[in-house]
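A short worksheet on the structure shown next.
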């Protein structure tokens, strides 16, 4: 067993350190690329996989493959076959360049959203900036960029990176909340760079507007429609939905919307904060109990209620306007 991400995916962590795979659970990170690549920890992960043993850090892929779903590890073989011919020691670099974001999603935190940081700390909040860490990675080895955030469409750092990507980049994947169209992807397409725009879709209509406060559903659909108008062979669009207590009961509407505009959709289960895990039983997960693995664990209603009230207090929202709590 092998995972190309161990050798080729490097992730800028929120604290500016460098890790391997954002899909890992409790993965380690290091001050620089050399320290990571030479670490006993990374060597141990490789050794376990060569022995066909799942490292504890890779439990999410293990769970997917055990259930018969295609895992991130298995998807990485497709990308490896594309990128390896360009450079044997290629790198896919992802993670968090900064946390500039215009949304305070109910399931997010200040490490990934400056808007939440400002809500929590006011004008004294200091923005995250990991451009120095990114610039320590050899640009000539970067064949793919995996752009997250924050929100790339609102960040001048990400805008600068898209305007002047590393010279050997062949693929750029951008994760966006689709609150704003990014016109700077069009010159990339014309240069022959493959651009994958992954759009976060967490609810439809009022559920979307609550979960991704203060974004508007009407703006989201307008931006998605604008991406759909780009007719270019190098552009791919897809949706990503994070299954959480907020979204799981809206899955029919989510999948119907994705199908109606012919954009493929993938799903991943939220595990942090754990109170939102769909395995717990509570008023938000019970309506979706027919879905495998939903509302199968202990009742966490009181813990969830406390979490929802804290989030509402910070944002001035009211979960009871969107959900039937009975």
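Read-outs: derived from the displayed coordinates by stated rules, not from any lab. Computed from a predicted model, the values in this text were never measured in an experiment. Every residue, glycine among them, receives a Cβ derived from its backbone with ideal geometry; neighbour counts consider all protein chains shown.
Round to the nearest 10 and give me the degree value, 0 to 90, for the angle of helix 40-50's Cα axis relative to the longest principal axis of the chain. For 40-50 against the chain, the angle is about 90 degrees.
Between residue 131 and residue 314, the simple label model (points 7 Å from Cα in the Cβ direction) yields a spacing of 2.7 nm. Its residues counted as N, the stretch 171-297 yields a C-alpha radius of gyration over 2.2 N^0.38 Å of 1.15. Using equal-weight Cα scatterers in the Debye expression, the normalised intensity of the chain in log10 at q = 0.09, 0.12, 0.13 Å⁻¹ is -0.49, -0.90, -1.07. Evaluated at q = 0.20, 0.23, 0.27 Å⁻¹, the base-10 log of the normalised Debye intensity for the stretch 1-72, with identical point scatterers placed on the Cα atoms, takes the values -0.83, -1.06, -1.35.
Using 1/(1 + (r/R0)^6) with R0 = 30 angstrom and r between the beta carbons of residue 139 and residue 225, what's the FRET efficiency to the nearest 0.05? It comes to 0.30.
Helical runs assigned H by DSSP (4 residues or longer) give the chain a calculated mean residue ellipticity at 222 nm of -9500 deg cm²/dmol, each run adding -39500 (n - 2.57) before division by the residue total. Once divided by 2.2 N^0.38 Å, the Cα radius of gyration of the stretch 268-326 becomes 1.12.
Between 0 and 90 degrees, the angle of helix 217-228 with respect to the longest Cα principal axis of the chain falls at about 30 degrees. For the stretch 57-170, would you read off the P(r) tail past 19 Å as a percentage of all alpha carbon pairs? More than 19 Å apart: 58 percent of the Cα pairs in the stretch 57-170. For the chain, relative contact order (Cα pairs under 8 Å, six or more residues apart, normalised by length) works out to 12 percent. Note on residue 267 and residue 321: their simple-model spin labels are 2.8 nm apart, each label 7 Å out from Cα toward Cβ. Spatially, the stretch 17-44 and the stretch 130-200 are offset by 22 Å when compared through their Cα centroids. Mean separation of Cα pairs under 8 Å and 6 or more residues apart, divided by the residue count, gives the stretch 1-72 a relative contact order of 28 percent. Against the chain, whose longest principal axis comes from its Cα atoms, helix 301-315 is set at around 80 degrees. Between rounded, prolate and oblate, where does the stretch 86-272 land on the alpha carbon gyration tensor, with a ≥ b ≥ c its root eigenvalues, rounded for a/c under 1.5, else prolate if a/b exceeds b/c? Since a/c reaches 1.5 but b/c is at least a/b, the shape of the stretch 86-272 is classed as oblate.
The mean sequence distance of close C-alpha pairs (under 8 Å, at least 6 residues apart), as a share of the length of the stretch 118-192, puts its relative contact order at 32 percent.
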